[in-house]
Amino acid sequence: MAVVPLNLAKSILRVDFSEDDAVLSFYLDAAQQFIERHTRRFLTPTAKSIGLRGGPEHEVTPEHPPFGAR
């Protein structure tokens, strides 16, 4: 799910029709993935699961929560 809602992007771009909603949604998701990959920060709350051999058996909370998390 993109950080910028589709309706907001359409109003900013002044798009009144819905034929290109799938394309706009694709571009919004791609932009979010690009930002997250290059900043190494998540823009939305995200849960990651990592298995470590010999590590703790319980859930570990990240030290720095993603942007917008409270």
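The numbers here are math on the coordinates, done by the rules we state, and not lab data. As the structure is a prediction and not an experimental result, all values here were calculated from the model. Cβ: placed from backbone, ideal geometry, glycine included. Neighbour counts: every protein chain shown.
Full extension of the chain between Thr46 and His64 yields a length gain of 5.3 nm, computed as 0.36 nm times the residue separation minus the alpha carbon distance.
Within 10 Å of each candidate Cβ there may be at most 12 other Cβ atoms; applying that plus a DSSP loop requirement, which trypsin sites (Lys or Arg not before Pro) in segment 11-42 survive?
Filter output for segment 11-42: Arg14, Arg40, Arg41.
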